[in-house]
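Structure first, then comments.
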């Protein structure tokens, strides 16, 4: 029996970890948008709390005038100030807010002045993200959704988003990224081309179709002839079409719409003026201008692929940014594999020595892990080092003479899924410095980096040089290594598999940069039987 007023003994309730709030602001083609979400430590996924948007003619200014007008800039400032007021109400830490801008700002001739004005007025630093980063965020947003549908998870999928300046296409097969491409086929870019024709209204629809068909033909040519993919459409225009054709759709998950019905809606929209679309469908004027051209791209591409239906997803680019923020910028093992898969495909294209490349990558990883206290870099840098190791000799495809410089050029001008321009530049420079001269201020590609990035390049290139020297003969004899730091030395012990004179010579030639960066002399020793047995 329990005495009166006595509380029975029981286990205390489990304490729920506090939620972390995140927000992403996107300066898009037709509007400025903000999403606020929360995540919990140790749990996957994020819970959306708020979505806001303010119509704005950023894309129209850029793709018609070539720059962002002062009035549009000030309207953007006011919208961002309103967003900031809401962020203060939610008490979102400023460090957990990320602002991004895509082609509507990136391609404006006054983009720097525009971003400076935003920063001066709001204190908000806006990141210009390139097409590779757009593809990464798109993948992070859509991949969890595709995994819930067996046909999409196990089959072939084309994820398509038509923006104001370009059409982005992510080709996936059994959950793996086959390719990620961007095409200069955007709704506002198309609208500008039609306006420049100065044709009477009845002819404008035919001119628009002609431009779209030319661009769609380019996309279709880049895809395998025998592909049998499901098309998943993203973007505001696709969501608009789905909401008109499938009234019960909750605008969150996936919904299938028939291509003939989409074609009919598209024809109707193309025949209306922007003012008529605003009045009939209750959308902003900015959205009204993009609906017809964007939906025509989706329709013509679906017809070119002989599809009777397409799938529309409610996810947005902001969902992908929030997903990455919730993991504090770290990449999952699955996402890293997608990047490495793209890297291997690039290596095949340039006929790299696969065995040597993979072995140097393995040795680089072993050195990176053993030296974590010296370089103080994070796992993301380990991946970039691995990519540089896998591609450090792609330049030999051009010429074996100065192949390190050719490697830099080819990497900087290649598409590697998941890696943005800055990541590619770091990878390219690490590969460039795997031999010959160390980084110098006179090297243009190196000098334009900020100090932190220059130091990162030097740290990783120094490691790559040692790893490459350990496979000097391209025969992968030194498979097992043990690395230790002691008394000003980096001691590398190898399990003896024959003469390693070549490796010793390679280290003598390549260790100078390592010693300059880390202040450590490289010593190569044979691994004792006891150590070798312990590793086994």
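We did not get these values from a lab; they are worked out from the coordinates using the rules stated. Everything quoted here is computed from the prediction, not taken from an experiment. A quick note on method: Cβ atoms are made from the backbone with ideal geometry, for glycine too, and the neighbour counts reach across all protein chains shown.
According to the square roots a ≥ b ≥ c of the eigenvalues of the Cα gyration tensor, what is the shape class of the range 186-238, taking rounded for a/c under 1.5, prolate for a/b larger than b/c otherwise, and oblate for the remainder?
Judged from the Cα gyration tensor, the range 186-238 comes out prolate (a/c at least 1.5, a/b above b/c).
Tell me, 423, 415 in order of fewest to most beta-carbon neighbours within 10 Å?
Taking fewest neighbouring Cβ atoms as first place, the list is 415, 423.
Which FRET efficiency value, to the nearest 0.05, do you get for residue 64 and residue 113 by plugging their Cβ-Cβ distance into 1/(1 + (r/R0)^6) with R0 = 25 Å?
Computed FRET efficiency for residue 64 and residue 113: 0.85.
Could you tell me what percent of the DSSP beta bridges with both partners in the range 19-129 are antiparallel, to the nearest 5?
That works out to approximately 70 percent antiparallel.
Just subtract the alpha-carbon distance of residue 526 and residue 153 from 0.36 nm times their residue separation and send over the number in nm, one decimal.
129.5 nm
Rounded to the nearest 5, what % of DSSP beta bridges with both residues in the range 132-324 are antiparallel?
The antiparallel fraction comes to roughly 75 percent.
Between rounded, prolate and oblate, where does the range 97-248 land on the alpha carbon gyration tensor, with a ≥ b ≥ c its root eigenvalues, rounded for a/c under 1.5, else prolate if a/b exceeds b/c?
Oblate is the answer for the range 97-248, as a/c is 1.5 or above yet b/c matches or exceeds a/b.
Full-extension gain between residue 412 and residue 344, please, as 0.36 nm times their residue separation minus the C-alpha to C-alpha distance.
22.9 nm
Return the tail of the calculated pair distribution for the chain, meaning the percent of Cα-Cα pairs more than 34 Å apart.
Result: 48 percent of Cα pairs exceed 34 Å.
Please compute, for the alpha-carbon atoms of the range 155-204, the extent along each of the three principal axes and give them in descending order in Å.
Largest first, the range 155-204 extends 47, 17, 11 Å along its Cα principal axes.
Rank by packing, highest mean first: peptides 83-90, 314-321, with packing defined as the count of other Cβ atoms within 10 Å averaged across residues.
Ranking, from highest mean packing down: 314-321, 83-90.
What percentages, rounded to whole numbers, describe P(r) for the range 19-129 computed over all alpha carbon pairs with 5 Å bin width beginning at zero?
Bin by bin from 0 Å, the calculated values are 2, 12, 24, 24, 16, 11, 7, 3, 1, 0.
Could the peptides 18-29, 430-441 be put in order, highest first, of the mean number of other beta-carbon atoms found within 10 Å of their residues?
18-29, 430-441
For the chain, take the longest principal axis of its alpha carbons; what is the angle in degrees between that and the long axis of helix 403-412, to the nearest 10 within 0 to 90?
Approximately 30 degrees, to the nearest ten.
Where does the chain land at 222 nm, in deg cm²/dmol rounded to the nearest 500, when only DSSP H runs of n ≥ 4 count, each adding -39500 (n - 2.57), divided by all residues?
For the chain, the value works out to -16000 deg cm²/dmol.
Using alpha carbon centroids, what distance separates the range 285-306 and the range 129-186, in Å?
17 Å
In Å and from the alpha-carbon atoms only, list the Rg and Dmax of the range 333-475.
Taking only Cα atoms of the range 333-475, I get Rg and Dmax of 13.7, 39 Å.
How much of the DSSP bridge set in the chain is antiparallel, in percent, rounded to the nearest 5?
So the antiparallel bridges amount to about 65 percent of the total.
As I understand it, the value is the acute angle between the Cα axis of helix 259-270 and the longest principal axis of the Cα atoms of the chain; what does it come to in degrees, rounded to 10?
Helix 259-270 sits at roughly 60 degrees to that axis.
What FRET efficiency comes out for the pair residue 209/residue 355, r = Cβ-Cβ distance, R0 = 56 Å, nearest 0.05?
0.65
Once label points are set 7 Å from the Cα along Cα→Cβ at both residue 309 and residue 401, what is their separation, rounded to one decimal in nm?
6.1 nm
Once both labels are modelled 7 Å past Cα along the beta-carbon direction, what's the residue 54-residue 221 spacing in nm?
About 4.3 nm, to one decimal.
What distance in nm lies between label points placed 7 Å from Cα along the C-beta direction at residue 74 and residue 279?
The answer from the label model is 3.1 nm.
Can you give the FRET efficiency to the nearest 0.05 for residue 504 and residue 450, using r as the Cβ-Cβ distance and R₀ = 60 Å?
With a Förster radius of 60 Å, E is 0.95.
Need the full-extension length gain, residue 193 to residue 333, defined as separation in residues times 0.36 nm minus the C-alpha distance. One decimal, nm.
Residue separation times 0.36 nm, minus the Cα-Cα distance, leaves 46.1 nm.
Rounding to the nearest 10 and keeping the result within 0 to 90°, find how far the Cα-based axis of helix 201-222 lies from the longest principal axis of the chain.
20 degrees
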